[in-house]
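Okay, so here's the structure we're looking at.
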Amino acid sequence: MAVLGSYSIPLLGISIFIATLTYITYRLLSSYLHKWFTMKPIPEAEGTYLFIGNALQFKANAGDFFRQIQDFTRDFSDAPLFKLWVGPVPFVVLFHAETVEPVLTNAVHMEKAYAYKFLYPWLGTGLLTSTGPKWRQRRKMLTPTFHFSILTDFLEVMNEQAEILVEKLGKQAGKGQFDCFSHITLCALDIICETAMGKKIYAQSNSDSVYVKSVYKMSDIVSRRQRSPWFWLDFVYNFFGEGREHDRTLKILHSFTNKVIHERMENISYTESDSDSDQGARKRRAFLDMLLKTTDEEGNRMSHQDIQEEVDTFMFRGHDTTAASMNWAIHLLGSHPEAHRKVQQELQEVFGTSDRPANMDDLKKLKYLDCVIKEALRLFPSVPFFARSLGEDCHINGFKVPKGANAIIITYALHRDPRYFPEPEEFRPERFLPENSVGRPPYAYVPFSAGLRNCIGQRFALMEEKVIMASILRNFNVEACQKREDLRPLGELILRPENGILIKLEKRKHQT
């Protein structure tokens with residue numbers, strides 16, 4: 001009997017393990033099959049297979065993959081929505097204002113889609129990736145850091161970095177074509193480092209920025225993993241995928257922001273005590289300084305991890321998106337001489353022949369430049385698609401979509417709806433003049449997302465773009481050296497051109 005008893009313990013453990021595994025498999029399988037049959041009536045791409053979905057169809061190259069998504073939206077242009085399966089995960093693809101609005105306006109659908117979990121190692125659960133009570137509390141805490149008065153402080157940094165950019169671009173003027181993409185990106189990085197972290201990193205002087213390269217590398221790595229369900233399990237990814245490369249890149253990104261946070265934490269008390277003896281000179285505020293002082297309703301300060309999450313998020317979302325947007329706008333102006341002339345005429349009216357930095361009143365007067373930036377964001381939205389997890393069963397345009405499915409909004413296609421943007425491929429800044437925007441649904445144009453989770457930094461981004469674009473066009477005439485079809489947009493985490501932005505610059509002769 002004693003011998004039988006000694007055997008019964010491991011047998012019991014094995015039985016429990018098998019029963020648990022069987023139960024989990026049953027739950028997963030029944031959940032999957034429930035979604036599969038519920039969503040059966042929704043139009044789908046050809047070649048959708050059980051369990052694999054459409055994953056084997058997806059192109060490996062980021063540019064080819066993005067063109068594939070564009071082809072899908074064209075193929076289903078007459079349908080209100082269609083579905084794709086990425087392995088066992090279903091996505092309803094939305095690109096019409098009337099299907100996008102009910103998802104973005106409903107607080108139940110606020111959680112980001114499953115694919116965002118691959119950003120967690122890098123960005124943690126900061127404002128971009130968090131959900132529920134944490135997101136609400138964090139958003140409430142951070143909103144005051146984007147107050148108008150604080151943005152005015154940041155304007156000084158933007159002007160200084162724009163001046164350095166103009167000096168760098170001046171060395172290229174009159175020398176034939178060159179790629180301006182990295183010049184503008186490094187300027188945006190210098191601005192976000194100083195405004196977000198209070199640290200000058202002189203990226204424009206040291207163009208071989210390891211941090212910038214690591215941001216791009218991590219974006220590529222995450223995008224590839226998102227569309228490869230066979231690499232979603234960590235142990236598979238680490239042994240057979242890019243797990244090691246991911247971790248090496250992550251270490252560079254985190255050590256950079258970690259170092260800056262530690263330095264700022266050490267210096268902040270000294271800065272506060274020394275501020276009175278600074279002969280009245282006002283110390284610039286940085287986003288990080290405000291995070292270090294921010295408290296919740298109970299008076300608790302943010303932890304080091306909380307701060308790191310938000311700094312990493314703002315470093316990524318705060319430089320890459322604006323840099324891409326400005327580059328697309330420069331290409332479009334360089335390709336459309338009439339719009340180019342109108343912007344320079346407006347700049348002449350506001351600044352005359354002065355080379356003074358831009359102030360807030362100047363930026364308000366640059367209404368046509370504002371239209372140019374908005375139209376560039378329509379044609380080339382910095383975030384070409386984003387996704388949400390549906391928090392309850394719902395009906396979208398008559399089709400039932402079950403709780404737990406994902407809705408992916410293809411901004412790039414949404415902004416090309418001919419009902420609201422006639423001849424959608426044409427660059428027409430006048431579309432965004434107030435009289436031409438009347439009657440356009442608010443959810444037909446969402447370059448900064450919309451609804452509850454709209455971009456907290458959109459005023460910062462538009463301000464930065466106006467300052468830098470104005471500085472470039474006050475000093476240079478721009479000529480694009482590529483046709484639209486040469487640009488080959490890469491739709492990864494950020495929409496950027498595969499072959500850079502090639503332009504020619506000519507120094508302007510200021511009239512007196």
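Worth pointing out:
Each row is one residue, and each column tells you yes or no for (1) in a loop (DSSP other than H, G, I, E, B); (2) among the hydrophobic types (A, V, I, L, M, F, W, C); (3) without any contact (Cβ under 8 Å) to a residue 60 or more places away in the chain.
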site	(1), (2), (3)
Val166	no, yes, no
Asp190	no, no, yes
Thr195	no, no, no
Ser205	yes, no, yes
Tyr237	no, no, yes
Lys259	no, no, yes
Met265	no, yes, yes
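- Number of positions in region 468-488 that are under 27 Å from the mean Cα position of the chain (by Cα) and not in a strand (DSSP E or B): 14
- Some residue of region 500-507 being loosely packed, with under 14 Cβ neighbours inside 10 Å and within 29 Å of Phe58 (Cα to Cα): no
- Only one of the numbered conditions (1) loosely packed, with under 14 Cβ neighbours inside 10 Å; (2) of a type outside the set (Asp, Glu); (3) in contact (Cβ under 8 Å) with a residue 40 or more places away in the chain is not met by Ser149, and that is (3).
- Filtering region 38-60 to residues that are modelled with pLDDT under 90 and exposed (fewer than 14 other Cβ atoms within 10 Å of the Cβ) leaves Glu46, Gly47, Tyr49, Leu50, Phe51, Leu56, Lys59, Ala60.
- From the list Ala376, Ala405, the lone residue that is of a type in the set (Gly, Ala, Ser), under 30 Å from Glu111 (Cβ atoms) and either modelled with pLDDT under 95 or within 24 Å of the chain's Cα centre (by Cα) (or both) is Ala405.
- Restricting region 402-416 to residues that are part of a loop (DSSP other than H, G, I, E, B) and over 22 Å from Leu379 (Cα atoms), the residue that is most open to solvent (accessible area, probe 1.4 Å): Lys403
- Qualifying helices (runs of 4 or more DSSP H) (wholly inside region 306-381; at least 1 residues being among the basic types (Lys, Arg) and open to solvent by less than 10 Å² (accessible area, probe 1.4 Å)): 367-379
- Filtered residues of region 463-497 (kept if within 24 Å of Thr313 (Cα to Cα) and either open to solvent by 30 Å² or more (accessible area, probe 1.4 Å) or of a type in the set (D, E, K, R) (or both)): Glu464, Glu465, Lys466, Glu492, Arg496
- Qualifying residue in region 59-70 (condition: assigned to a loop (DSSP other than H, G, I, E, B) and without any contact (Cβ under 8 Å) to a residue 40 or more places away in the chain): yes
- Qualifying residue in region 103-114 (condition: assigned to a helix (DSSP H, G or I), farther than 30 Å from Ser31 by Cα and hydroxyl-bearing (Ser, Thr, Tyr)): no
- Among the residues of region 417-451, those identified as outside any loop (DSSP other than H, G, I, E, B) and not hydrophobic (A, V, I, L, M, F, W, C) are Pro429, Glu430, Arg431, Pro434, Glu435, Asn436, Ser437, Pro442, Tyr443, Pro447, Ser449, Gly451.
- Among residues of region 360-382 that are over 21 Å from Thr152 (Cα atoms), those with a beta-carbon under 7 Å from a residue that is open to solvent by 30 Å² or more (accessible area, probe 1.4 Å) and not β-branched (Val, Ile, Thr) at least six positions away or on a different chain give the pairs Tyr368/Lys342; Cys371/Glu430; Cys371/Leu433; Glu375/Arg428; Arg378/Tyr445.
- Test: residue in region 425-434 that is at positive phi and touching a residue at least 24 places away in the same chain (Cβ under 8 Å): no
- Within region 97-112, the set of residues being crowded, with 20+ Cβ neighbours inside 10 Å and not charged (D, E, K, R) comprises Thr99, Val100, Val103, Leu104, His109.
- Counting only residues that are without any contact (Cβ under 8 Å) to a residue 12 or more places away in the chain and over 23 Å from Pro497 (Cβ atoms), region 207-235 holds 4 of them.
The values are calculated or read from the model by the stated rules, or taken from the named source; none is laboratory data. Just so you know, these numbers come straight off a predicted model, no measurement behind them. FYI the Cβ positions are ideal-geometry reconstructions off the backbone, even for glycines, and counts take in every protein chain you see. Heads up: the accessible areas ignore ligands, DNA and RNA and are worked out on the full protein's heavy atoms, side chains in. Shrake-Rupley method; radii C 1.70, N 1.55, O 1.52, S 1.80 Å.
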